[in-house]
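S.K.: First, the structure itself, so that you have it in front of you.
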Amino acid sequence: MNTPRHFSSCVAEYDPNALPVSAAQEIVRQWALPRGRTEAERVRLFEALDRVLAEDVISPINVPSHDNSAMDGYAFNGAALLNGSDGSDDELLRLTVAGTALAGQPFEGHPLAAQCVRIMTGALIPPGCDTVVPQELVQRAGDTVTFASTHIVNGANRRLAGEDLAQGQPALRKGRIVRASDLGLLASLGIGDVAVQRRLRVAFFSTGDELRSVGEALAPGCVYDSNRYTLFAMLRRMNVEPVDLGIVRDDRASLERALRQATQDADVVISSGGVSVGDADFTRDLMNALGDVAFWKIAMRPGRPLAFGRLWSGKRPGEGESALFFGLPGNPVAVMATFYFIVREALLAMSGATPHALPLISATSSQPINKRAGRTEFQRGIAHRDTAGHWHVVTTGPQGSGVLSSMSEANCFIVLKHDAGNIDAGDSVDILPFNGLI
Ligand code: AMP
Ligand code: MG
């Protein structure tokens, strides 16, 4: 467990007024350790989707359990291919059909060298047989099949016992986020429940005197609180447990109450708003009283102001429960960009999941894009793939960090690297498709 005050000194190696995104990500990575309060629980397969495996799953059986046929055809001893061959190209091999093997209904006998067994996909390979010729390749007349031996090699079209999953080997690793195929895979092993990590609890709230809740009248100068809905949705998508703490007014007592409660209740606390210049002074004192929190100006757009650190629920830092804290900026697009590029990986790591990098794709920019060197920009883009298979991208237009419609209109982030300057039409840029992310 990181001790209070350690954090500020670790951040001190960087310039907090211009922290590159990669440096911020690295610091968060060091701090977002799997939580100490982790408890595993066993859940039935139908509840295991998107959960994090708490231990390796060792295969109790071979899958498939026996050698079986990969095709509908005829099974025989492949040595017959060699014995019956005179080496000529157009040679035909002739075998007599001794019986039939169906999936779930094995052929009981033991075919002789010149015999074969009619076999269907998934049926057990009969004793003495090791090769299957697909039915499309044979001519059958009565009980006799003939086929060109050049079409088939010894051992063809046979699935070996254990070739999918070998008994005693790890079938899925601890830290895996369970996918659809994994549920099927676990079922194929006869496993009906698995140990998964307790879902990470993430408390979130919005700050701002100007915020109104949906359903309230909108007084002049006020805005509806949209960040809580966006955050709720992003958290749900990550299958963590969201704890909604509502809107918190811009005063010290309210904020302190919310933070203490959140730290008590949750593994991670996320707020939005109140970290930009001016507000930051007001919250900084409080954060320092409750924990070890640094205020950053990350060299990213949107998402420049951000507070990060650890909070404690007790009287002094180091006492009571602790939670990782992300104070995100208030602007709605900045909330989303910082969530995906700063918060997301931390939630995965704390959930006990093995973090995986976001898959960036190269695309050609169809237009010039203004970009300032010295910060990473996450513009909203609309990408499409041409008939030749190349990706092209345009921006959604105005890129203000309050323009939330740009996120709804976009299908990707255009990720413009820290060192890059203006982009010309035809330049290559990285895009991060929203598909599967948002
Ligand atoms: P702040 O970071 O608190 O200075 O807020 C920056 C901008 O984002 C201001 O225009 C706020 O009104 C707006 N904002 C802050 N929080 C929210 C929210 N929860 N929903 C929508 N807009 C917000
Ligand atoms: Mg505010």
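The values are calculated or read from the model by the stated rules, or taken from the named source; none is laboratory data. These numbers were taken from a predicted model, which means no experiment stands behind them. All Cβ positions, glycine included, derive from the backbone under ideal geometry; neighbour counts span all protein chains shown. Only protein heavy atoms, including side chains, enter the accessible area calculation; ligands, DNA and RNA are left aside. Shrake-Rupley method; radii C 1.70, N 1.55, O 1.52, S 1.80 Å.
S.K.: Looking at segment 153-180 only, could you name the residues that are farther than 30 Å from A353 by Cα and of a type in the set (A, V, I, L, M)? I'd like the intermediate steps shown before the answer.
M.R.: At the first step, the residues of segment 153-180 found to be farther than 30 Å from A353 by Cα are 153-161.
Within segment 153-180, V153, A156, L160, A161 qualify.
S.K.: Using the structure shown, decide if G142 is free of Cβ contacts under 8 Å to residues at least 60 places away in the same chain and not assigned by TED's automatic domain parsing to the domain that holds V403. Quick ask: steps written out before the conclusion?
M.R.: Numbers: free of Cβ contacts under 8 Å to residues at least 60 places away in the same chain: yes; not assigned by TED's automatic domain parsing to the domain that holds V403: yes.
It is true that G142 is free of Cβ contacts under 8 Å to residues at least 60 places away in the same chain and not assigned by TED's automatic domain parsing to the domain that holds V403.
S.K.: Taking the residues in segment 324-337 that are closer than 17 Å to T207 by Cβ and part of a strand (DSSP E or B) as candidates, determine which candidate is farthest from ligand 1 (Cβ to nearest atom).
M.R.: Here the answer is F325.
S.K.: Tell me, please, whether a residue that is in contact (Cβ under 8 Å) with a residue 40 or more places away in the chain and either away from ligand 1 (no atom under 14 Å from the Cβ) or closer than 16 Å to F339 by Cβ (or both) can be found in segment 214-225.
M.R.: As a first pass, look at segment 214-225 and keep what is in contact (Cβ under 8 Å) with a residue 40 or more places away in the chain: none.
Checked segment 214-225: no residue is in contact (Cβ under 8 Å) with a residue 40 or more places away in the chain and either away from ligand 1 (no atom under 14 Å from the Cβ) or closer than 16 Å to F339 by Cβ (or both).
S.K.: Within segment 369-422, can you find the residues that are open to solvent by 60 Å² or more (accessible area, probe 1.4 Å), part of a loop (DSSP other than H, G, I, E, B) and touching a Lys or Arg at 6+ places or on another chain (Cβ under 6 Å)?
M.R.: Matches in segment 369-422: N422 only.
S.K.: In the list W296, W312, which residue meets the criterion of being within 28 Å of the chain's Cα centre (by Cα) and not hydroxyl-bearing (S, T, Y)?
M.R.: Numbers: W312 fails: within 28 Å of the chain's Cα centre (by Cα).
Matching residue, one of W296, W312: W296.
S.K.: Which strands (runs of 3 or more DSSP E) sit wholly inside segment 126-172 and have at least 2 residues that are at pLDDT below 95? Talk me through it step by step, then tell me what you get.
M.R.: Values: elements: 131-134, 139-141, 144-148, 170-172.
Those strands (runs of 3 or more DSSP E) span 144-148.
S.K.: On to the next question. Do we have I247 as in the same structural domain as P20 (by TED's automatic domain parsing) and within 12 Å of ligand 1 (Cβ to nearest atom) here?
M.R.: Details: in the same structural domain as P20 (by TED's automatic domain parsing): yes; within 12 Å of ligand 1 (Cβ to nearest atom): yes.
Judged against the criteria, I247 is a match.
S.K.: Here's a follow-up. Does E163 satisfy the criteria of being more than 16 Å from ligand 2 (Cβ to nearest atom), under 30 Å from D72 (Cβ atoms), open to solvent by 70 Å² or more (accessible area, probe 1.4 Å) and of a type in the set (D, E, K, R)?
M.R.: Working: more than 16 Å from ligand 2 (Cβ to nearest atom): yes; under 30 Å from D72 (Cβ atoms): yes; open to solvent by 70 Å² or more (accessible area, probe 1.4 Å): yes; of a type in the set (D, E, K, R): yes.
When the stated conditions are applied, E163 passes them.
S.K.: In segment 246-277, which residue that is within 16 Å of ligand 2 (Cβ to nearest atom) and in contact with a helix residue (DSSP H, G or I) (Cβ under 7 Å, 6 or more places away or on another chain) is most open to solvent (accessible area, probe 1.4 Å)?
M.R.: Kept after step one, since they are within 16 Å of ligand 2 (Cβ to nearest atom), are these residues of segment 246-277: 246-252, 254-255, 258-259, 270-277.
Those left that are additionally in contact with a helix residue (DSSP H, G or I) (Cβ under 7 Å, 6 or more places away or on another chain): 248, 252, 255, 259, 270, 272, 274-275.
On the way: V248: 10, R252: 106, L255: 9, L259: 1, I270: 0, S272: 2, G274: 13, V275: 14 Å².
Within segment 246-277, the match that is most open to solvent (accessible area, probe 1.4 Å) is R252.
S.K.: Under the condition of being under 30 Å from the mean Cα position of the chain (by Cα) and in a strand (DSSP E or B), which residue from segment 206-228 is nearest to ligand 2 (Cβ to nearest atom)?
M.R.: Start the filter on segment 206-228 by keeping residues that are under 30 Å from the mean Cα position of the chain (by Cα), which leaves 206-207, 225-228.
Pick out the ones that are also in a strand (DSSP E or B) and you get 206-207.
Working: S206: 9, T207: 6 Å.
Filtering first and then ranking leaves T207.
S.K.: So, of the residues in segment 278-304 that are small (G, A, S) and buried (at least 24 other Cβ atoms within 10 Å of the Cβ), which turns out to be farthest from ligand 2 (Cβ to nearest atom)? Steps first, please.
M.R.: Our first condition is that a residue be small (G, A, S); within segment 278-304, this holds for 278, 280, 289, 291, 294, 299, 303.
Filter again for buried (at least 24 other Cβ atoms within 10 Å of the Cβ), leaving 291, 303.
Working: G291: 21, G303: 15 Å.
The qualifying residue farthest from ligand 2 (Cβ to nearest atom) is G291.
S.K.: For residues that are surrounded by fewer than 15 Cβ atoms within 10 Å (Cβ to Cβ) and free of Cβ contacts under 8 Å to residues at least 60 places away in the same chain, scanning just segment 166-209, find the one that is farthest from ligand 1 (Cβ to nearest atom).
M.R.: G184
S.K.: Please work out which residue is farthest from ligand 1 (Cβ to nearest atom), limiting yourself to segment 338-365 and to residues that are on the phi < 0 side of the Ramachandran plot, part of a loop (DSSP other than H, G, I, E, B) and not aliphatic (A, V, I, L, M).
M.R.: Within segment 338-365, the first condition is being on the phi < 0 side of the Ramachandran plot, and the residues that meet it are 338-351, 353-365.
Subsequent filtering for residues that are part of a loop (DSSP other than H, G, I, E, B) retains 351, 353-360.
Subsequent filtering for residues that are not aliphatic (A, V, I, L, M) retains 351, 354-356, 359.
Working: S351: 25, T354: 32, P355: 28, H356: 30, P359: 29 Å.
Across segment 338-365, the extreme among qualifying residues is T354.
S.K.: Mind checking which pairs have a first residue in segment 382-401 that is at pLDDT below 95 and a second that is open to solvent by less than 30 Å² (accessible area, probe 1.4 Å), Cβ under 6 Å, 6 or more apart or different chains?
M.R.: Matching pairs, first to second residue: Q399/Q379; S401/P302; S401/V333; S401/A334.
S.K.: Being polar (S, T, N, Q) and touching a strand residue (DSSP E or B) at 6+ places or on another chain (Cβ under 8 Å), is that true of even one residue in segment 287-299? Spell out how you get there, then give the answer.
M.R.: If we filter segment 287-299 for residues that are polar (S, T, N, Q), which is where we start, we get 288.
The next check asks that each one be touching a strand residue (DSSP E or B) at 6+ places or on another chain (Cβ under 8 Å); those that pass are none.
Checked against the condition, which is being polar (S, T, N, Q) and touching a strand residue (DSSP E or B) at 6+ places or on another chain (Cβ under 8 Å), segment 287-299 yields no hits at all.
S.K.: If R140 passes every condition in (1) farther than 30 Å from A266 by Cα; (2) under 27 Å from the mean Cα position of the chain (by Cα); (3) not acidic (D, E) but one, which one does it miss?
M.R.: R140 satisfies all of (1) farther than 30 Å from A266 by Cα; (2) under 27 Å from the mean Cα position of the chain (by Cα); (3) not acidic (D, E) except (2).
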